[in-house]
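Visitor: Before anything else, here's the structure in question.
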Amino acid sequence: MGYFRYRMITKSGQVQGGLIHLPFENPVSARNFLEAQGAMVVFAEPLPGLVGRVIDIAQRFFEKPVKREELAEALTNFAVMLKAGIPMLAAVQDSLTEHDNPTLAKAGREMVQRIQSGSSLSEAASHYERIFPATMLFLIKLGEESGNLDKTIKDAALHEQRMDRITKDTKQALISPAFMFVAILGAMAFWMVMVVPGIVSLLKGLGVQLPPLTVAVISLSEWLTGNALLAATEVAAVVITIVTLIRKVPRVRRAFHAFLLKIPVIKLVLHASNLAFITQYFSMMLAAGVDVMHSLNVLQGAMSNMIYQERLKQVRESLVQGNNLKDSFGRAKIFPSFVVRMISVGEQSGTLSQQLDFVADAYRVKLQDLVANMSKMIQPIALIFGGGLFLVMIAALFAPLYSMIGGVGKAPGGR
C-alpha cells in the first residue's frame, strides 16, 4: 500500500485532487487504477515511504476499534449475500464499505481496491490482522480453496458472536468484585482524610496515651491528608508500571496469569471462560475440516492466557509422541475430567467436533450462571475484607478513649 498525491478530471468534468491510499507502490499502477474508474488523471505522485508510515501510525492511533459484534454482523451479511448468489466483490462492498464503523468501512474500501487489483479475498483481508483474527483469515482461505466460502464465512461470524458473548460475560463477572473492593478502599481513604483528623484532634486535646496501632493509623492519615496528590500519582504510576510489565514482559505476564488462576472466585470465572473459548474454537476448526494438529496450533496462538497456552502446547507435544487425544488432554492436568471424557467419546465415535460443541455450550451456560451469582459469591469475601479493615480502624481510634474512660473509673475516689 502507498499514499499518492493526485489530481484528476472525473467523468462529470469536475477536478478532484488530494491524497489517496492505494494497494500499489508505483505511480503507473495508481494511474491505471484511477483511470479505470473513468477519470482522466493529470498526475499521481507517491509520497515518501516515511511520510506514509507516519500517516498510517497517526490514523491507527485515532481509529475506532472494531468490536466483535460489529465484525460478526458484517460477516453474517456477507455470508447471506454470497449464499444468495451475489458476486463476491459486490458482497464485500455492501457488507463492509457501508458499515457504520469507520475503521471497518475503510478496511472494506481498501480490500475492494486490492481485489480489483487481482488479490483474493483472503490475501486482501490478511493486511488487516488487527480487524480479522488469524482463525478467520484461515477459514476464509479454506473457504476459497474448498468452494464453500459462504459456509466458512457464516461459521466465522457465528464463532465471533459466541466469542463476543464469552468475553462480555467474563468482563462482567470480573468487574463486580473489582468494583466492590475499589469501593471499600475508597471508603477507607475517605475515613483517613475526612474523619480521622477530627478524632486525632480530640485525642491530642485530651492528652491520651496512644497505642502503637493508633499512632500508625494517625501517621498514615496525616501523610494521606498532606500528600493526597502525591499518593494518587504514586498509585497511578504503580498501576501503569504493573500493567506495562504484564503486557511487555512474558515472565511477568505468565506469573500474573498463574496468580489469577489461584484466586478463589476469580479462578472459577477464568476456568469457565477459557474452557468455553478452547472447546468452541477447537470445535469450529474441526467442523471446517482443519486437522487436529493444525487446529491446536492455531488455537494455542489465539489464547490470551499463557497457562492455557502452555497446556495446549503440552497436548500437541503429547500427540506428536504418539498418544491419543484423550491421554494428551488428560496429561495437561488443567482440563477437567468431564472435558477429557467428552473428548474421548468424540475421538472414539468420530464426533469430536459435536462433543466439543456440547462442552462449549455447557461452559457458556456455567459462565452465565457465574455472572448472575457473582455478587452473592463475592459478598462474604468483601464483608470479611471490608469488615476487617474497619475493625482495625475502629480499634485504633476508639481504644484510647476506652482506656481513658476505664482509667477514670479506677481513679482514687472514683465509683
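The values are calculated or read from the model by the stated rules, or taken from the named source; none is laboratory data. Computed from a prediction, not measured in an experiment: that's the story for all the values here. Note: ideal-geometry Cβ built from the backbone for every residue, glycine included; neighbour counts use all protein chains shown.
Visitor: Could you count how many residues in the stretch 208-240 are at pLDDT 80 or above and outside any helix (DSSP H, G or I)?
Guide: Residues in the stretch 208-240 being at pLDDT 80 or above and outside any helix (DSSP H, G or I): 0 in total.
Visitor: Looking at Val392, Val365, Val320, which one is closer than 30 Å to Val196 by Cβ and surrounded by fewer than 16 Cβ atoms within 10 Å (Cβ to Cβ)?
Guide: Val392
Visitor: Would you say Gln379 is out of contact with any strand residue (DSSP E or B) (no Cβ under 7 Å at 6 or more places or on another chain) and at pLDDT 80 or above?
Guide: no
Visitor: Exactly one of these conditions fails for Asn323: (1) over 19 Å from Tyr363 (Cβ atoms); (2) assigned to a helix (DSSP H, G or I); (3) at pLDDT 85 or above. Give me its number.
Guide: Of (1) over 19 Å from Tyr363 (Cβ atoms); (2) assigned to a helix (DSSP H, G or I); (3) at pLDDT 85 or above, only one is false for Asn323: (2).
Visitor: State yes or no: is Ala72 without any contact (Cβ under 8 Å) to a residue 12 or more places away in the chain, of a type in the set (A, V, I, L, M) and part of a helix (DSSP H, G or I)? So that I can check it myself, show each step before the final result.
Guide: Details: without any contact (Cβ under 8 Å) to a residue 12 or more places away in the chain: no; of a type in the set (A, V, I, L, M): yes; part of a helix (DSSP H, G or I): yes.
It is false that Ala72 is without any contact (Cβ under 8 Å) to a residue 12 or more places away in the chain, of a type in the set (A, V, I, L, M) and part of a helix (DSSP H, G or I).
Visitor: Let me ask something additional. So Ala372 ticks every box in (1) buried (at least 17 other Cβ atoms within 10 Å of the Cβ); (2) part of a helix (DSSP H, G or I); (3) not charged (D, E, K, R) but one. Which box is left unticked?
Guide: With respect to (1) buried (at least 17 other Cβ atoms within 10 Å of the Cβ); (2) part of a helix (DSSP H, G or I); (3) not charged (D, E, K, R), Ala372 is out only on (1).
Visitor: Do the conditions hold for Arg247, that is, is it more than 21 Å from Lys171 (Cα to Cα), among the basic types (Lys, Arg) and outside any loop (DSSP other than H, G, I, E, B)?
Guide: Details: more than 21 Å from Lys171 (Cα to Cα): no; among the basic types (Lys, Arg): yes; outside any loop (DSSP other than H, G, I, E, B): yes.
For Arg247, the condition - more than 21 Å from Lys171 (Cα to Cα), among the basic types (Lys, Arg) and outside any loop (DSSP other than H, G, I, E, B) - is not met.
Visitor: Find the residue count for the stretch 250-274, including only residues that are in a helix (DSSP H, G or I), under 19 Å from Gln368 (Cα atoms) and of a type outside the set (Ser, Thr, Tyr).
Guide: Total meeting the criteria: 8.
Visitor: Can you spot a residue in the stretch 312-329 that is in contact (Cβ under 8 Å) with a residue 60 or more places away in the chain and of a type outside the set (Lys, Arg)?
Guide: no
Visitor: Test Gly301 against the criterion of being assigned to a loop (DSSP other than H, G, I, E, B) and touching a residue at least 40 places away in the same chain (Cβ under 8 Å), and give yes or no.
Guide: It is false that Gly301 is assigned to a loop (DSSP other than H, G, I, E, B) and touching a residue at least 40 places away in the same chain (Cβ under 8 Å).
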